[in-house]
Amino acid sequence: MNETERIIERIKTMTSYVDFLREHRVSERELLADYILRSAIERNIQLAIESALDIGEMVISMEDLEKPETYRDVIEILEKHDILPSDFAGRFSEAAGLRNILVHMYTDVDPSIIAEVLNERLHDFEFYSEAILRFLRDKYSDEFR
């Protein structure tokens, strides 16, 4: 499996996490009332974000771009090299911060932020996938035939 195929597989994995989240859209109040559901949603948001960042790191490596020092750097490097549009990258880089909260500061997770991601930001993952696939098709069109 070549690098492009690995990226496409990771996009499919990320999409499965987002599909789970779409099927379980609930309000902030419902998140607070159901610990198991909240935990599952938080975990799938974390995995979707980590998948997106892994995809970005794979593209950065494949293109031999500068190495990111932080997760936020992954998105900024993709923006700098016109793989992601600036307006989107600025917004999506916030996902790296949310990932860190979910992993390291899990007791401080604000349910209103989780509800916002769940109900208003899932399309960002689809846009991200489309931008990465567009870049790969434009640059590596032979591998998409």
- Tell me, yes or no, whether the stretch 99-114 has at least one residue that is open to solvent by less than 40 Å² (accessible area, probe 1.4 Å), under 29 Å from E63 (Cβ atoms) and under 11 Å from the mean Cα position of the chain (by Cα). yes
- Query: Hey, any hits in the stretch 64-75 for a residue that's loosely packed, with under 14 Cβ neighbours inside 10 Å, β-branched (V, I, T) and over 18 Å from the mean Cα position of the chain (by Cα)?
  - Reply: no
- the stretch 40-64 residues that are acidic (D, E), paired with ones that are open to solvent by 30 Å² or more (accessible area, probe 1.4 Å) (beta carbon under 8 Å, 6 or more apart): E42/Y106; D54/R10; E57/P68; E63/H81
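Yes/no per residue for (1) outside any helix (DSSP H, G or I); (2) at negative phi; (3) open to solvent by 90 Å² or more (accessible area, probe 1.4 Å); (4) not hydrophobic (A, V, I, L, M, F, W, C):
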position: T4; (1), (2), (3), (4): no, yes, no, yes
position: I7; (1), (2), (3), (4): no, yes, no, no
position: R25; (1), (2), (3), (4): yes, yes, yes, yes
position: E42; (1), (2), (3), (4): no, yes, no, yes
- Message: Take N2 and tell me if it is out of contact with any strand residue (DSSP E or B) (no Cβ under 6 Å at 6 or more places or on another chain) and closer than 27 Å to D142 by Cβ.
- Response: yes
- Give the stretch 78-120 a look and list any residue that's touching a residue at least 24 places away in the same chain (Cβ under 8 Å) and of a type outside the set (A, V, I, L, M, F, W, C), or say none. P85, R91, G97, R99, N100, Y106, P111, S112, N119
- Message: Looking at K12 and the list (1) crowded, with 19+ Cβ neighbours inside 10 Å; (2) without any contact (Cβ under 8 Å) to a residue 40 or more places away in the chain; (3) farther than 20 Å from E120 by Cβ, which single condition is not satisfied?
- Response: (1)
- If we scan the stretch 80-88, do we find a residue that is modelled with pLDDT of 95 or more, in contact with a Leu (Cβ under 7 Å, 6 or more places away or on another chain) and open to solvent by less than 20 Å² (accessible area, probe 1.4 Å)? yes
- Message: within 20 Å of E28 (Cα to Cα) and either modelled with pLDDT under 95 or in contact with a Cys (Cβ under 9 Å, 6 or more places away or on another chain) (or both): is that true of L122 in this structure?
- Response: no
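The values are calculated or read from the model by the stated rules, or taken from the named source; none is laboratory data. A quick note: this is a predicted structure, and the numbers were derived from the prediction, not measured. All Cβ positions, even for glycine, are placed from backbone atoms using ideal geometry, and neighbour counts span all protein chains on display. These area figures cover heavy atoms from the full protein model, side chains too; ligands, DNA and RNA do not enter into them. Shrake-Rupley method; radii C 1.70, N 1.55, O 1.52, S 1.80 Å.
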